[in-house]
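The values are calculated or read from the model by the stated rules, or taken from the named source; none is laboratory data. As the structure is a computational prediction, the values presented were derived from the model and not from experiment. Reconstructed Cβ throughout: ideal geometry from the backbone, glycine too, with neighbour counts over all protein chains shown. Side chains included, ligands, DNA and RNA excluded: accessible areas come from the protein's heavy atoms. Shrake-Rupley method; radii C 1.70, N 1.55, O 1.52, S 1.80 Å.
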Amino acid sequence: MRTTLTALITGLALGLTPLAAAQAEDLLIHGGPIYTGRDDQPQVEALVVRKGDIAYAGPLKAARKLAPEARDIDLDGAAAYPGFVDSHAHLAGIGMRELTLSLEGTPSIEALIVRLKAWAAEHPGKDPVIGRGWIETHWPEGRFPTAADLDLAISDRPVVLTRADGHALVANTAAMARAGVTTATQAPSGGQILRTASGAPAGMFVDNAMSLVRAAMPAPSAELKRQAELKGVEVYASRGWTGLHNMAASSEEYATLQDMARAGTLKIRVDTYMSDDDSALVLRTGRTGAPRDMLRLMGVKLFMDGALGSRGAALLAPYSDAEGTGLLLTPPAELARIMAAARQSGAQIAIHAIGDRGNRLALDDFEAAFANNPSALKAARWRVEHAQVLAPEDLPRFAKLGVVASMQPSHAIGDLFFAPSRLGPDRLKGAYAWETLLNSGALVAGGTDAPVEKGDPLVEFYAAAYRHDLKGFAGPDWGLDEAVTRAQALKMFTTGAAQAGFRESEFGTLSVGHPADISVFSVDLMTAPFAEIAKAHAVMTVVAGKIAYDGRRP
């Protein structure tokens with residue numbers, strides 16, 4: 001660990017400023033609607049990019065005269081925007097999803113068994129099968145998978161499959177045996193083991209109980225983790241993201257990102273929030289890096305509670321469809337210790353809170369940490385990640401305290417199938433309350449929580465402004481009044497993300513003198529029917545004036 005920290009500190013001293021800007025060629029961008037994100041000049045005909053910055057924004061004729069030798073980028077009707085930034089994602093998980101067994105879209109337990117059998121046939125041997133991405137809320141069986149289900153597919157090697165939200169996993173009998181889990185095994189604090197009628201472990205482990213199984217599985221190799229980082233960056237550039245806020249990173253992951261930044265292979269900007277286990281460095285140094293840097297160290301990602309889908313979100317009253325009020329994952333004394341250190345150093349706190357109790361406790365803890373100087377809390381821009389279910393009296397507290405609401409619109413269009421039964425009608429009124437928070441004056445930053453969700457900016461924009469699932473469905477009580485305007489949705493992923501990450505001085509709008517971070521999509525998000533937005537795609541991604549992704553036809 002000492003060696004790793006030394007390497008990290010050395011990297012910080014080097015600055016890790018982008019090589020991309022120095023290599024960027026001059027560009028003339030035109031041929032489609034260009035939205036600047038500025039109130040005084042909301043749309044322009046052309047952009048000139050020079051030395052990695054926006055040098056001109058205005059009429060095409062003047063742009064051609066200003067930059068006659070620039071590379072001509074004809075958008076051919078596609079629409080350009082200030083760079084979209086994912087305010088909450090897990091870069092290593094995004095890449096790992098592409099490199100391991102992905103269970104996204106699995107429609108049933110029966111289909112899960114079929115996919116497992118096929119994977120085992122294609123990957124013979126005795127190594128454990130590790131996968132992620134299943135979610136049971138649409139399944140006809142109407143329940144979580146069990147060890148018995150997985151045993152039907154694979155019984156001679158361990159199988160561990162993590163739910164899409166990352167807050168629960170299912171293990172087969174072989175995996176539980178390898179982990180030494182028996183009927184006598186008790187769940188740790190902040191965790192739950194689901195059991196059969198006889199009291200035996202059913203195979204489902206929630207939140208902190210997942211460690212019982214994971215500790216017995218082999219860790220991914222260093223090379224696989226490095227490839228996951230590279231793949232995650234490639235995937236995100238191809239979807240139109242110019243940056244992301246990378247949550248709960250390890251020291252090893254951050255070191256890999258430093259190597260990528262030095263080598264010029266970090267194609268998008270990454271703001272890193274370390275896991276609580278690897279928070280020592282940032283709690284000493286505070287936030288590091290300049291706004292233009294490709295890689296910056298920002299703060300610490302903490303956990304207050306679990307997830308709504310696995311009933312781990314901490315609620316003020318019991319779940320409407322089950323016993324219990326959820327789980328609190330981190331001891332209060334540990335939260336207080338880290339928050340005190342963060343306040344001292346200037347590190348930014350980002351805390352996962354989903355249930356109304358979890359969110360209230362997070363706000364209470366933030367307020368207590370700055371009890372003798374409330375204005376310093378606003379300046380610190382501490383963040384609540386997800387802020388999904390809020391008690392009505394807590395909604396105004398975000399603006400009052402200056403706490404960032406870092407929210408993921410796609411959660412609402414996935415959760416609409418089970419949140420009403422989990423919460424009941426009264427609590428739904430404070431769920432996914434983007435418009436209420438914005439109207440209160442709170443800063444709302446948009447993200448995806450990928451790999452929990454796909455990680456597509458178009459899906460997030462669609463969800464924020466339309467609040468229907470991707471087939472156009474929304475329940476009668478799904479709070480459609482909480483959908484935001486298209487202009488608000490754009491700000492959530494541009495200026496909102498920039499403010500949440502202390503980059504607003506130079507990012508969030510396409511303004512002369514700002515770095516040329518530009519997202520280009522196949523449809524005009526400000527005018528296209530929502531059904532078209534859901535089917536659209538990224539066309540080009542420009543970061544620091546350099547083309548990070550070009551999906552145009554030759």
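Some points to look at:
- Point-charge dipole on Cβ atoms (K/R +1, D/E -1) for region 271-319, about Cα centre, debye to 20: 160 debye
- If you plug the beta carbon distance of Asp550 and Lys400 into 1/(1 + (r/R0)^6) with R0 = 56 Å, you get a FRET efficiency near 0.80.
- Local net charge near Pro218, Cβ-Cβ under 15 Å (Lys/Arg +1, Asp/Glu -1): +3
- Accessible-area order (highest first, 1.4 angstrom probe) of the listed residues His138, His123: His138, His123
- Available extension along the chain between Glu110 and Glu504 is 137.0 nm, counting 0.36 nm per residue and deducting the alpha carbon span.
- Sites Leu224 and Phe417 - FRET efficiency at Förster radius 22 Å, r taken between beta-carbons, to 0.05: 0.05
- About the centre of its Cα atoms, the chain shows a dipole size close to 920 debye [charges on the beta carbon of Lys, Arg (+1) and Asp, Glu (-1) only; nearest 20 debye].
- P(r) of region 283-427 over all Cα-Cα pairs, binned every 5 Å from zero, in whole percent: 2, 10, 19, 21, 19, 13, 9, 5, 2, 0
- Extension reserve of the Thr285-Ala263 stretch, reckoned as 0.36 nm per residue once the Cα distance is removed: 5.5 nm
- Region 368-504 - Debye-derived log10 I(q)/I(0), Cα point model, q = 0.09, 0.18, 0.21 Å⁻¹: -0.26, -0.98, -1.29
- Per-residue [θ]222 nm for the chain (sum of -39500 (n - 2.57) over DSSP H runs n ≥ 4, rounded to 500): -9500 deg cm²/dmol
- Compared with the dominant principal axis of the Cα atoms in the chain, helix 356-369 is inclined by about 60°.
- Taken over region 262-322, the percentage of Cα pairs per 5 Å bin, counting from 0 up to the bin with the maximum distance, is 4, 15, 17, 13, 13, 11, 10, 8, 5, 3, 1.
- Think of the chain as a dipole: +1 on every Lys or Arg Cβ, -1 on every Asp or Glu Cβ, centred on the Cα centre; then among Ala368, Leu257, Ala79, Leu257 lies furthest on the positive end.
- Histogram of C-alpha separations across region 466-544, 10 Å bin width, %: 16, 40, 31, 12, 1
- Cβ-Cβ FRET estimate between Glu367 and His138, R0 fixed at 35 Å, reported to 0.05: 0.35
- Amide H within-cut-off set for Tyr549, under 5 Å, with H built and near neighbours excluded: Thr541
- Spin-label pair Asp40-Ser250: with each label point 7 Å from Cα along the Cα-Cβ axis, the two points sit 4.9 nm from one another.
- Sorted on the mean count of surrounding Cβ atoms within 10 Å across their residues, most packed first, peptides 82-91, 255-264 read 82-91, 255-264.
- Percentage of interatomic Cα-Cα distances in region 463-506 larger than 15 Å: 51 percent
- Counting every pair of alpha carbons in region 91-177, the share spaced more than 18 Å apart comes to 36 percent.
- Multiplying the residue separation of Leu316 and Asp76 by 0.36 nm and removing their Cα-Cα distance gives an extension gain of 81.2 nm.
- Quotient of Cα Rg and 2.2 N^0.38 Å for region 339-411, N being how many residues it contains: 1.03
- Rg and Dmax of region 307-384, based on Cα coordinates, read 13.9, 43 Å.
- Principal-axis tilt of helix 332-345 within the chain, Cα atoms, nearest 10 degrees: 20 degrees
- Signed unit charges on C-beta, dipole axis of region 235-364, positive-most listed residue Gly243, Met304, Leu329: Gly243
- Computed log₁₀ I(q)/I(0) - Debye formula, equal Cα scatterers, no solvent, the chain, q 0.08, 0.09, 0.10 Å⁻¹: -0.52, -0.66, -0.82
- Accessible area in square angstrom per residue, the chain, 1.4 angstrom probe: 38 Å²
- The residues neighbouring Gly133, those whose beta-carbon lies less than 15 Å from its own, together hold a net charge of -2 under the Lys/Arg +1, Asp/Glu -1 convention.
- For the chain, carbon and sulfur atoms together expose 55% of the accessible surface, with a 1.4 angstrom probe and every protein chain in place.
- Counted without the sites themselves, the longest stretch of the chain free of GluC sites (Glu not before Pro) in a DSSP loop having at most 11 other beta carbon atoms within 10 Å is 70-322.
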